[in-house]
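To keep things clear, I will list the structure first and then write my remarks on it.
The values are calculated or read from the model by the stated rules, or taken from the named source; none is laboratory data. Just so you know, these numbers come straight off a predicted model, no measurement behind them. Reconstructed Cβ throughout: ideal geometry from the backbone, glycine too, with neighbour counts over all protein chains shown. Surface areas here come from the heavy atoms of the whole protein model, side chains and all, with no ligands, DNA or RNA. Shrake-Rupley method; radii C 1.70, N 1.55, O 1.52, S 1.80 Å.
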Amino acid sequence: MSAIKITKDNFKTEVLDAAEPVLLDFWAAWCGPCRMLSPVVDEVAETTPGVRVGKINVDEEPELAAQFGVMSIPTLVVMQGGKPVQTSVGVIPKAAILRLLGR
């Protein structure tokens, strides 16, 4: 499954109500490290069954970034049962993202 664009309008349905773990990628178009991490996150979305992947543009969704206390991007947050269970800031390799997801 490809990554989903997460907004405040679909956050409850796509993230809080999700049965599976959700990997959230907080990013911005002007962020160089975000552009480096984006294809890795997309690969995780395409190749990891049982995980939902969402991308949140912090410039378009500042309320969501504030809700998670995002101060630096890229930030990855793993949600399980509607609660954040893992967080990572900065560019990390696919193996590290899979470890965040418990894979």
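Entry remark, the stretch 1-41: residues being in contact with a helix residue (DSSP H, G or I) (Cβ under 9 Å, 6 or more places away or on another chain) and among the small types (Gly, Ala, Ser) number 4 in total. Scanning the stretch 38-71 for residues that are open to solvent by 20 Å² or more (accessible area, probe 1.4 Å), among the small types (Gly, Ala, Ser) and closer than 15 Å to ALA28 by Cα yields SER38, ALA66. Only residues that are within 14 Å of the chain's Cα centre (by Cα) and either part of a strand (DSSP E or B) or touching a residue at least 24 places away in the same chain (Cβ under 8 Å) (or both) were counted in the stretch 9-35, giving 15. Answer with yes or no whether VAL51 is closer than 20 Å to GLY90 by Cα, of a type in the set (A, V, I, L, M, F, W, C) and touching a helix residue (DSSP H, G or I) at 6+ places or on another chain (Cβ under 9 Å). When the stated conditions are applied, VAL51 does not pass them. Within the stretch 60-97, being touching a residue at least 40 places away in the same chain (Cβ under 8 Å), in a loop (DSSP other than H, G, I, E, B) and within 18 Å of ILE6 (Cα to Cα) holds for GLU60, GLU61, PHE68, VAL70, ILE73, PRO74, GLY82.
A count restricted to the stretch 19-37 and to residues that are of a type in the set (A, V, I, L, M, F, W, C) and open to solvent by 10 Å² or more (accessible area, probe 1.4 Å) stands at 5.
If the requirement is being crowded, with 20+ Cβ neighbours inside 10 Å and of a type in the set (A, V, I, L, M), which of these qualifies: LEU98, LEU76, LEU16? Break it down stepwise before answering.
Numbers: LEU98 fails: crowded, with 20+ Cβ neighbours inside 10 Å; LEU16 fails: crowded, with 20+ Cβ neighbours inside 10 Å.
Testing whether each residue is crowded, with 20+ Cβ neighbours inside 10 Å and of a type in the set (A, V, I, L, M) leaves just LEU76.
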